[in-house]
Each structure stands twice: as structure tokens, then as C-alpha cells.
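The values are calculated or read from the model by the stated rules, or taken from the named source; none is laboratory data. None of these values were measured; they are calculated from a predicted model. Cβ placement follows ideal geometry from the backbone for every residue including glycine, while neighbour counts extend to all protein chains displayed. Surface areas here come from the heavy atoms of the whole protein model, side chains and all, with no ligands, DNA or RNA. Shrake-Rupley method; radii C 1.70, N 1.55, O 1.52, S 1.80 Å.
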Amino acid sequence: MAGLLPRASKRLRLASSPGWQQQQPATSQHVGQDENKTTHFGFETVAENIKASRVASVFSSVASNYDTMNDLMSLGIHRLWKDHFVRSLDPGIATSPFADQAKQGQTILDIAGGTGDIAFRMLDYCTTVKKDTTTSVIVSDINPDMLAEGRKRFSTSPYQSAGRVSFLEANAEDLSAVESSSIDLYTVAFGIRNFTHKEKALAEAFRVLKPGGVFACLEFTPRLRNPLMNAFYKRWSFGAIPLIGQIVAADRDSYQYLVESIERFPSQEQFKTMIQDAGFIIPGQGSEGGPRGWEDLTMGIAAIHKGVKPA
């Protein structure tokens with residue numbers, strides 16, 4: 001799935017072709033060493049240097065049925081989670097009849113956001129709630145098929161004609177097309193669990209955010225708080241979802257990988273620590289008995305994590 005949170009002083013170096021840029025893959029001087037490193041692809045152990053292509057194959061397969069996939073994996077609740085995610089971030093700048101009309105809105109970077117689902121919600125919120133018509137979103141995804149779905153979604157929207165949305169084909173672990181300290185809000189919904197090196201993606205998020213900028217992630221969790229509900233949900237995930245994927249999309253393997261990838265994602269406490277290790281401040285942390293540093297959704301099926309880049 002696609003995460004379930006001032007004005008940018010620098011412009012992004014986007015490609016001259018309309019709306020998106022293809023980032024060239026990084027090369028390594030240690031190819032032989034890289035080939036020996038392994039990681040997980042669901043429950044399977046694979047070489048690190050092939051995981052990205054395997055994940056790309058999955059999302060190319062499910063791109064046209066992505067919302068259906070999230071409906072199956074969340075029992076349809078992902079739509080409510082995404083709405084709550086956006087409201088909790090309160091994106092955009094508040095405007096009034098007396099506000100400086102020259103003031104520009106935020107620059108939001110939505111990672112693994114190919115279909116534009118979160119971006120559309122962000123822009124709707126900014127426009128209807130904040131009356132902000134200047135905040136813009138860069139939708140970034142490593143997969144061109146997912147981005148094609150996003151372009152399709154925005155093709156007839158006023159946001160496209162107003163230049164408030166653009167598309168960037170890039171690897172979240174190497175956002176060299178995005179300038180340092182240029183982003184106000186970095187979001188990733190139901191995507192980070194598929195990254196090969198999550199710590200590299202977090203380091204890139206920290207680099208591109210402006211001081212005071214916010215990292216926000218909506219993601220499935222590996223286990224629910226209630227053991228009985230956890231057992232029921234696991235039975236649904238592993239028993240029903242791949243079967244329904246076979247029936248609905250004729251693609252059992254992709255849906256099997258997606259439920260396995262949730263099991264391999266760090267726990268809420270572990271992921272909070274990873275965000276802190278990247279240099280972020282966890283909102284609400286620092287006092288004994290204070291918030292845990294994340295927000296569980298629907299008994300912990302998913303969670304929202306946030307981090308703030310120190311000013």
C-alpha cells in the first residue's frame with residue numbers, strides 16, 4: 001500500500017520532459033561484493049542487487065489494481081487511514097483575505113506514491129481546508145507503471161493544469177534529483193517496507209527535508225496488539241488474500257509477497273528507533289510516560305510514524 005502528517009527556498013531539478021524525471025541507477029565499484037549480500041523478498045532470501053527488480057515486477061503487476069489490492073489487505077479500511085494520515089499532518093499554509101497573496105505554499109514529496117492517492121488527498125486538503133492554492137506535491141516512485149496510474153488519475157484534475165503536481169521516477173534510497181533542504185513534508189504510505197535499505201531511504205529523507213521539516217510514514221505492522229485478533233488477521237492475510245489475488249487479478253504470487261513483506265517489516269518500536277537513528281526528533285518523546293512515538297490504527301494493523309528534522 002501504498003504510507004497510511006514555510007516555503008521551499010530551492011527548486012527541484014526536474015527533467016525538461018513534462019512532469020517527471022528518470023533517475024539513472026547508481027553504479028558500484030564493488031559489484032562482486034554487492035552480489036554476495038542478501039536480503040529478504042517476503043520470506044525468500046535473495047541477493048540485494050536483485051530485490052529492487054523483483055519488487056518492481058510485483059508493482060508493475062498490481063499497478064492497475066492497486067486500490068483493490070489495498071482494499072484486500074486492509075479490509076477496505078485503508079481509505080479511512082489515508083484520510084486520517086493527511087488530517088494528522090495538516091499540510092499546506094493557512095490563508096485569509098488579509099494574508100500575503102505572494103506567499104508560497106509548501107513543497108511536499110510523496111515517496112512510493114505512484115498512483116497519486118496520497119498526493120490527491122494532500123492537495124484536496126490544502127485547497128478545501130486551508131484555502132491554499134500554492135502548495136504543490138512531487139509524486140515520486142521507482143516504478144514507471146505506478147507513475148502512469150498517477151498521471152492518469154491527475155490528467156483531468158485542476159491540480160495538473162495549475163502545475164501543483166509533478167512526477168519523478170526515482171529510487172527512494174538515492175534522491176539525487178532532489179536538492180538538500182528543499183522539502184517541507186516527506187510522506188511515504190505503504191511503500192517503505194519494500195525498500196531494500198530502509199536506513200538509506202531514511203537518510204535521504206533527512207537530507208532533502210528543510211530544518212523543521214516532517215517525515216511521515218503510514219505502514220502496515222507485523223502484528224496486532226490483541227493476540228486473538230492478530231491470529232484472525234494472519235489467517236485472513238495468508239489464507240485469503242493470495243487466493244483472492246489469484247481470482248481478482250490472476251496473480252497469486254504478487255499478493256503472497258505483499259503479505260509476507262508485512263511480516264518482515266520492523267515492529268513499531270524498532271522502526272521508531274530507525275527514524276531516530278537517522279537524526280529525526282520523534283514528536284512527543286522525551287517525557288516519562290509520554291507518547292510511544294507512533295500512532296496505531298485499527299488495533300495496530302497499521303501505524304503512523306513521524307519524525308522532525310531539527311531546526
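Taking the stretch 138-156 as the range and being open to solvent by less than 10 Å² (accessible area, probe 1.4 Å) and either hydroxyl-bearing (Ser, Thr, Tyr) or more than 25 Å from LEU202 (Cβ to Cβ) (or both) as the test, the residues that pass are SER140, PHE154.
Every residue, every condition in (1) crowded, with 18+ Cβ neighbours inside 10 Å; (2) in contact with a His (Cβ under 7 Å, 6 or more places away or on another chain); (3) farther than 25 Å from PHE85 by Cα, yes or no:
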| residue | (1), (2), (3) |
| --- | --- |
| ASN230 | no, no, no |
| LYS234 | no, no, no |
| SER237 | yes, no, no |
| ALA249 | no, no, yes |
| SER254 | yes, no, yes |
| VAL259 | yes, no, no |
| GLY293 | yes, no, no |
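Of a type in the set (Ser, Thr, Tyr), part of a loop (DSSP other than H, G, I, E, B) and either closer than 30 Å to LEU185 by Cβ or at pLDDT below 95 (or both), is that true of SER287? Yes: the conditions hold for SER287. Against the conditions (1) in contact with a strand residue (DSSP E or B) (Cβ under 9 Å, 6 or more places away or on another chain); (2) at pLDDT 90 or above, TYR257 satisfies every one except (2).
Scanning the stretch 114-137 for residues that are hydrophobic (A, V, I, L, M, F, W, C) and either touching a Pro at 6+ places or on another chain (Cβ under 6 Å) or surrounded by fewer than 20 Cβ atoms within 10 Å (Cβ to Cβ) (or both) yields MET122, CYS126, VAL129. The single condition among (1) basic (Lys, Arg); (2) touching a Gly at 6+ places or on another chain (Cβ under 9 Å); (3) open to solvent by less than 10 Å² (accessible area, probe 1.4 Å) that ARG223 does not meet is (3). Restricting the stretch 160-211 to residues that are open to solvent by less than 10 Å² (accessible area, probe 1.4 Å) and of a type in the set (S, T, N, Q) leaves a set whose member that is farthest from the chain's Cα centre (by Cα) is SER182. Those helices (runs of 4 or more DSSP H) of the stretch 38-148 in which at least 2 residues are out of contact with any strand residue (DSSP E or B) (no Cβ under 6 Å at 6 or more places or on another chain) and at pLDDT below 95, considering only elements entirely within it, cover 48-62, 66-74, 78-89.
Of all positions in the stretch 274-284, at least one carries a residue that is out of contact with any Phe, Trp or Tyr (no Cβ under 9 Å at 6 or more places or on another chain), open to solvent by less than 80 Å² (accessible area, probe 1.4 Å) and modelled with pLDDT under 90.
Evaluated against (1) within 30 Å of GLY92 (Cβ to Cβ); (2) modelled with pLDDT under 95, PRO242 falls short on exactly one condition, (1).
Can ALA26 be described as at pLDDT below 70, out of contact with any helix residue (DSSP H, G or I) (no Cβ under 7 Å at 6 or more places or on another chain) and either surrounded by 15 or more Cβ atoms within 10 Å (Cβ to Cβ) or assigned to a helix (DSSP H, G or I) (or both)? Answer is no for this residue.
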